[in-house]
Amino acid sequence: RSYDYFVPTFFGIADEHGYLTTAKRLATTGHFELHQPDPYAFIGETLMQSPAQGHSEDYYLRQPIGYPLLCAIAYTLVCWLLGYILDRRGVVVKL
């Protein structure tokens, strides 16, 4: 059966997936790249594997960083203005 293991993913248009997951990663960890050691994990269509030797577990967005950066800044500012903080897992915690 193909539904034995549920993996939460954002299934939408490929550009949306890349932009929103990169924005969340920037807002929560401050890193642009996705480090995924599991070869069977879901990686979106707009993320490409690093060509650098020894960094085959790193994935980067194919598009420019501008829009995800603006989304991450807005996300962080709204949380700060409302008195919330982000932990490293991306969970919003009230101050």
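Residues with beta-carbon under 13 Å from that of THR46, excluding THR46: net charge, scoring Lys, Arg +1 and Asp, Glu -1?
Here the count lands on -2.
Sort 47-56, 16-25 by the packing proxy (mean of other Cβ within 10 Å over each peptide's residues), most packed first.
Highest mean packing first, the order is 16-25, 47-56.
None of the figures in this text is laboratory data; all of them are computed from the coordinates on show. Note that the coordinates shown come from a computational prediction; the quantities given were computed from them, not determined experimentally. With ideal geometry, Cβ positions are generated from the backbone for all residues, glycine too; neighbour counts draw on all protein chains shown.
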